[in-house]
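The values are calculated or read from the model by the stated rules, or taken from the named source; none is laboratory data. All of these numbers come straight from a predicted model, not from anything done at the bench. FYI the Cβ positions are ideal-geometry reconstructions off the backbone, even for glycines, and counts take in every protein chain you see.
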Amino acid sequence: MADPEIVDTILHAAGELEKLNVAYIHLSEADWDDAPTIPEDFPHKLRAAYSGRIVVAGRYDKDRAGKILADGLADLVAFGRPCVTNPDLPKRLQHNLALADLDGATLFGGDGSDDTDYAPLAGCD
């Protein structure tokens with residue numbers, strides 16, 4: 001969201017959700033090329049404001065996901081596009097195998113195909 005106050009707004013909302021004992025929050029980081037930059041201290045401030053479960057998404061790879069989980073700044077990492085394009089994503093991550101690239105034209109049946117047309121990696125079953 002192109003809003004100069006978005007970080008402060010999210011942190012305020014997280015504090016209010018903490019008071020309500022909401023079970024989790026799910027944040028999707030902007031992942032387009034000219035997306036606003038998220039301050040490096042944001043995950044730390046978010047964790048300080050909210051003690052419930054935090055789910056994050058947005059251009060995560062295995063290493064970045066592992067780091068945010070190990071640092072205790074998130075409890076779960078959601079993989080959207082990589083999950084769509086790699087029906088065998090857990091095995092690929094586990095074995096450090098290459099991930100298939102997303103063809104944006106195929107999303108939501110845009111070209112007559114659909115998300116189930118992506119094949120597992122040969123020999124990854």
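General remarks:
- Qualifying residue in the range 68-90 (condition: hydrophobic (A, V, I, L, M, F, W, C) and over 16 Å from the mean Cα position of the chain (by Cα)): no
- Condition check for V56: modelled with pLDDT of 95 or more and not in a loop (DSSP other than H, G, I, E, B): yes
- For the range 88-125, the set of residues classified as part of a loop (DSSP other than H, G, I, E, B), surrounded by 13 or more Cβ atoms within 10 Å (Cβ to Cβ) and at pLDDT 75 or above consists of D88, L97, L99, A100, L102, D103, listed by residue number.
- A48 under 30 Å from L97 (Cβ atoms) and either at pLDDT 95 or above or more than 13 Å from the chain's Cα centre (by Cα) (or both): no
- Residue pairs meeting the criteria (Cβ under 8 Å; at least 6 apart or on separate chains; first in a helix (DSSP H, G or I), in the range 5-34; second small (G, A, S)): L11/A49; A14/A49; G15/A49; L17/G52; E18/A49; E18/S51; E18/G52
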